[in-house]
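The values are calculated or read from the model by the stated rules, or taken from the named source; none is laboratory data. Quick caveat: nothing in here was measured; it's all calculated off a predicted structure. Cβ: placed from backbone, ideal geometry, glycine included. Neighbour counts: every protein chain shown. Only protein heavy atoms, including side chains, enter the accessible area calculation; ligands, DNA and RNA are left aside. Shrake-Rupley method; radii C 1.70, N 1.55, O 1.52, S 1.80 Å.
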Amino acid sequence: MSELKYSDLLWPPENFKELNEVTDLSAQAISKDPQTAKVIGASYSIEVSPLTIRDKKLYIYSFQIDGWEYTINNESREYPILSFILKSDRGYSGVKNIKSLSCPIKTTHRSAQRTMMAAASILRHIKEGVVPDMEQSLKLHKIHPSQKRLYESQREAARRFFEFFDKTKKENRIL
């Protein structure tokens, strides 16, 4: 594991104090379930890319959280859980390319905040050697792909509502 102890590395990124407890660039946790004969694991990696713009040093952080399962029958399943890119100088507007369980999530200020909170929680668990319930963590922080509607614009939600209203109205006229 790589310690986050580079002399010029800014950690945690500005405005992201929730990442204070993350001290490694990568970590993994493994859990064994003797009843189902499964080994479940989770890992994360953070890639840091320094960037200099107009004599100002910035960092781009690429976060990747993955999970896997292995059974006694030598079956394996690997899957991405959460990934995103963070530009250090932009606060929550610097969170881009959010993918939850390989599904893109529309990037808004709210989804960026929730992504950072979910990532901090998951990274903390993995660092402690505990495999968190990933589905539950994503749903708790409202960035699970099944909750995509939370990030629709008000205009899209209103349009969908009126389409449903018009459809219902037409069906009632027919009866």
Modelled label reach - Lys56, point 7 Å along Cα→Cβ, region 74-110 residues with backbone N closer than 14 Å: 87-91, 94
Highest average packing first - 77-87, 111-121, 50-60, Cβ atoms within 10 Å: 111-121, 77-87, 50-60
Cα-based equivalent ellipsoid of region 1-126: semi-axis lengths in Å, sorted from largest, via gyration tensor: 30, 17, 12
Distance between modelled label sites at Ser76 and Cys103, nm, 7 Å Cα→Cβ extension: 2.7
Dipole-positive endmost among Met134, Thr108, Ala119 within region 77-139 (Cβ charges, Cα centre): Thr108
Solvent-accessible area per residue for region 20-92 (1.4 angstrom probe, square angstrom): 60
